[in-house]
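The values are calculated or read from the model by the stated rules, or taken from the named source; none is laboratory data. Given the structure is predicted, the values throughout are model-derived calculations rather than measurements. Cβ placement follows ideal geometry from the backbone for every residue including glycine, while neighbour counts extend to all protein chains displayed.
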Amino acid sequence: MKNPLFTIGYSNHSLDDFIAMLRGNSVNAVADVRSQPHSKMNPEFSRSLLENKLKRANIAYAFLGQELGARTFDRSCYVNGKVRYDRLAKTPLFQKGLDRVERGANEHRIALMCAEKEPLTCHRCILVSRHLDDRGMKVRHILPNGTTEEHHASMARLITMLGLAAPHMFRGEKESLSIAYEIQGEKIAYERPPIESREHAYISGPPR
């Protein structure tokens, strides 16, 4: 029987508080689903520092940003410069990432980690958890106060937030959920900066 799967956003937590929340839910492995595993605002959550600190806390670390990150390099997933979650979810690399998480849950209590504190505004919930839930995995989101929320409860909250909860003559609960995923995915999906901005960044170099 697979272990439950968790998700967490480090937000403005200290690394010690972050680890305490993991331990509070008996998490012993972190899967980093950030496309870019570093943080200027919270440098202690950059990949090398985070991995070392987790190791000292006896928590395993795996980087899955290439497989499950929201800023894919696959051009076929972009429409007018913006990622389409439905296309990204069908790519072999994304499915490979889901497979890896599912296998890992046989031995570990895993938390998918990203930056956003609110799961509803993060692809770890709207994209990755959606498809793990479809596979029958039990997903729980660790909220900023350390409590957890079942994925289905999060989705009920999203449906209400988007005004889709009222009874509808021609739309059932399953369709309302699908619409909610689509709307929220469009809101939060990564959008490439204009070509001019990318060229300027290339010429100017990274900010100091």
For the range 12-69, how many residues are of a type in the set (S, T, N, Q) and either under 29 Å from residue 86 (Cα atoms) or within 19 Å of the chain's Cα centre (by Cα) (or both)? 9
Looking at 145, 106, can you tell me which residue is free of Cβ contacts under 8 Å to residues at least 12 places away in the same chain, part of a loop (DSSP other than H, G, I, E, B) and closer than 22 Å to residue 24 by Cα? 145
Residue 3 under 19 Å from the mean Cα position of the chain (by Cα) and not in a helix (DSSP H, G or I): yes
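Every residue, every condition in (1) in a loop (DSSP other than H, G, I, E, B); (2) touching a helix residue (DSSP H, G or I) at 6+ places or on another chain (Cβ under 6 Å), yes or no:
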site: 34; (1), (2): yes, yes
site: 37; (1), (2): yes, yes
site: 48; (1), (2): no, no
site: 51; (1), (2): no, no
site: 55; (1), (2): no, no
site: 66; (1), (2): no, no
site: 70; (1), (2): yes, yes
site: 73; (1), (2): yes, no
With the structure loaded, tell me whether residue 55 is surrounded by fewer than 19 Cβ atoms within 10 Å (Cβ to Cβ) and within 20 Å of residue 135 (Cα to Cα) or whether it fails that test. no
Condition test on residue 111, is it within 19 Å of residue 61 (Cα to Cα) and in contact with a Lys or Arg (Cβ under 7 Å, 6 or more places away or on another chain)? no
The range 75-87, residues that are assigned to a helix (DSSP H, G or I) and surrounded by fewer than 18 Cβ atoms within 10 Å (Cβ to Cβ): 75, 76, 86, 87
Go through (1) β-branched (Val, Ile, Thr); (2) in contact with a strand residue (DSSP E or B) (Cβ under 9 Å, 6 or more places away or on another chain); (3) over 26 Å from residue 189 (Cβ atoms) for residue 30 and report which single condition fails. (3)
Could you please find all residues in the range 16-32 being in a helix (DSSP H, G or I) and surrounded by fewer than 17 Cβ atoms within 10 Å (Cβ to Cβ)? 16, 17, 20, 23, 24
When residues of the range 135-184 are filtered for being closer than 22 Å to residue 10 by Cβ and either modelled with pLDDT under 95 or touching a Phe, Trp or Tyr at 6+ places or on another chain (Cβ under 6 Å) (or both), how many remain? 5
Exactly one of these conditions fails for residue 153: (1) in a helix (DSSP H, G or I); (2) over 21 Å from residue 21 (Cα atoms). Give me its number. (2)
Could you tell me which residue of the range 58-74 is surrounded by the fewest Cβ atoms within 10 Å (Cβ to Cβ), considering only residues that are among the polar types (S, T, N, Q) and either within 23 Å of residue 185 (Cβ to Cβ) or touching a residue at least 60 places away in the same chain (Cβ under 8 Å) (or both)? 66
